[in-house]
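The values are calculated or read from the model by the stated rules, or taken from the named source; none is laboratory data. Source: prediction; values computed, not measured. Every residue, glycine among them, receives a Cβ derived from its backbone with ideal geometry; neighbour counts consider all protein chains shown. To get the accessible areas, we keep the full protein, side chains included, count just its heavy atoms, and leave off ligands, DNA and RNA. Shrake-Rupley method; radii C 1.70, N 1.55, O 1.52, S 1.80 Å.
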Amino acid sequence: MGRTRRSTRGIAQTAFDPRIRLPGSTELTLRRLNPWWHDNSRPIVPHHRRHLVSQIYRQIKNRLAPIVVVRGARQVGKTTAQLQVLDDLLTQGVPGNNIFRVQFDDIQGIQSLEDPVLRLVDWYEMAILGSNLNDAARRGQQTFLFFDEVQNINNWAPQLKTLVDSSTTQVIVTGSSALRIELGRDSLAGRITTIEAGILSLTEIALIRNISIGDPFLPDNGLGVLIQREFWEELKQYGKNRRQARDEVFRMFSERGGYPIAHVRPDVPWPEIADQLNENVIRRVVQHDLRVGARGRKRDAALIEELFRSVCRYAGQAPALHSLAEEIRKRLGASFGDLRVRNYLKFLSDSLLVRTIEPLEQRLKKRRGNIKLCLADHALRASWLQENVPLLRSDQRDPSQSTLAGHIAESICGSMLLTIRGLDLNHLPSGRGQDEIDFILTVGSHRIPVEVKYQARPDPVRDSSALRAFINNRMNNAPLGILVTQEDCDLDFGPQIVAMPLSSLLLLR
């Protein structure tokens, strides 16, 4: 009968029990999702590989953890990266039967199965692999299990724990819910490594658009270089040396954001791209992903939509929660408490469309600052509000656009920094003699302040005073500060501050 394993509910399951059967529709769907089982056919995947693909490969090769989790907002390219990794494995000679892919969003009625993740793997071992995963490993055959949106399955983490504790295999998980992935982290302690999948970087947009700009400047293997002034000076020069290509790609990013669909199809006019983002990203999250709460309770879709609209308006800023809630109450003509708005904001953050940055708690025991709001991509703001705000000074028509562009630049900066693996990111509210600092990067015991002054020529004294005050406070252990500007700037800000345009900073990844 073969080996047995314990289910997450303590019920013995038999991997080769011939009674293991799946509903006919489920089996047909699985076979359609895995065409390489039959004739080595495979779906056509884009030729260009995101840096995300190489990050996944590195984790698979190093095998520091049996489960690699790739998390990011909907439509940023997680599934495409998964398929590209899968396609390359087949090209390298991995037998088709050694790869199992499940797209959990596509399988109807799967929740009716008891421990569905384990049940599907049991069926795969019996019906496709022809042996259990451990026997395949003993034969020197690696197996790869690709699970897309598995976090939507009840008790998914305990099931994956049971799976990797009892079987030698590599699991690659993609998901668009930060909350559900985080809830599973404790169960999977020591068995999981996480990769943040953000929107396309400038270097990736350049690759898709056939523009030569080079690789990401920040290596994937460590953050120690971030405390070195030389690293930031080299990044500044790296951007300058590629000024023409950098500015060309940054203009594309300014006009269309960083979602893959906007650059894979540059021939499609922006209004049509905006419609796709609204329909397949924002409304998908608001009306589907976030609509149903715990125990099937319906959430207020109108409140979620209006809150997201407010986040778009306040992108890059840290509004007081009470003020934010009061504005929404007036617009909706409804009555609800601030706590409900806070909870709904957390739901939006969990969807990864909105990125929230907590205030630095250093010396703030009684006073807590507001959360800074950032968007996964400024294109979401442009599509939802139907308002394009140019990031380039030459395209701005009036001072109000310049102010908005500064807030949006801050949102872009925050969202990009959040995708750097292992980096702790906060912002510092003003108070106790310290001016507000837009971002604080924490690397080990060091803190690096970052100020966004989105101007062509910032004032060398006024616009760097907050950075200097933070650096001069020995308790902060700050080796340097970063000033993010709108354009290349050769002004002298002193030996402890490196100034560079946002377009160069974005070349980090």
**Asked** How far is it, in nm, from the label point at L491 to the one at S323 when both lie 7 Å from their Cα along the line to the Cβ?
**Response** 2.6
**Message:** Ignoring solvent entirely, what values of log10 I(q)/I(0) come out of the Debye formula for the chain at 0.06, 0.11 Å⁻¹ when each Cα is a single scatterer?
**Reply:** -0.31, -1.00
**Request:** In Å³ and rounded to a whole number, note down the convex hull volume per residue for the Cα atoms of segment 52-107.
**Result:** 101
**Computed log₁₀ I(q)/I(0) - Debye formula, equal Cα scatterers, no solvent, segment 421-467, q 0.16, 0.26, 0.31 Å⁻¹** = -0.50, -1.00, -1.15
**Request:** Can you grab the distance from the C-alpha centre of segment 254-329 to the C-alpha centre of segment 108-128, Å, no decimals?
**Result:** 34
**Prompt:** How much of the DSSP beta bridge set in the chain is antiparallel, as a percent to the nearest 5?
**Reply:** 40
**Asked** Just how far, in whole angstrom, is segment 459-509 from segment 351-428 if you go by their alpha carbon centroids?
**Response** 18
**Request:** Would you calculate the separation in nanometres between label points at Q276 and D424, each defined as 7 Å from the Cα along the Cα-to-beta-carbon direction?
**Result:** 4.0
**Item:** Net charge dipole size for the chain [Lys, Arg +1 and Asp, Glu -1 on Cβ; Debye, nearest 20]
**Value:** 1340
**Request:** Let me know the shape class of segment 50-163, please: from the alpha-carbon gyration tensor, a ≥ b ≥ c as square roots of the eigenvalues, rounded when a/c is under 1.5, otherwise prolate if a/b is greater than b/c, or oblate.
**Result:** oblate
**Asked** Residue separation times 0.36 nm, minus the C-alpha to C-alpha distance between S445 and L392: what's the value?
**Response** 15.5 nm
**Asked** Does segment 394-443 classify as rounded, prolate or oblate by the C-alpha gyration tensor (a ≥ b ≥ c root eigenvalues; a/c under 1.5 gives rounded; else a/b over b/c gives prolate, otherwise oblate)?
**Response** oblate
**Prompt:** Given H placed on each backbone N at 1.01 Å, which residues far from V443 in sequence or on other chains put an amide H within less than 5 Å of it?
**Reply:** I448
**Request:** When a/c is below 1.5 the answer is rounded, else prolate if a/b is larger than b/c, else oblate, so apply that to segment 450-509 with a ≥ b ≥ c taken from the square roots of the Cα gyration tensor eigenvalues.
**Result:** oblate
**Accessible area of the chain divided out per residue, in Å², using a probe of 1.4 angstrom** = 44
**Request:** Kindly point out which whole DSSP H helices in the chain project their C-alpha atoms 27 angstrom or further along the helix axis while averaging a Kyte-Doolittle hydropathy of 0.5 or above.
**Result:** 399-418
**Prompt:** Quick one: with all protein chains in place, what share of the accessible area of segment 350-509 is carbon or sulfur, to the nearest percent (1.4 Å probe)?
**Reply:** 46
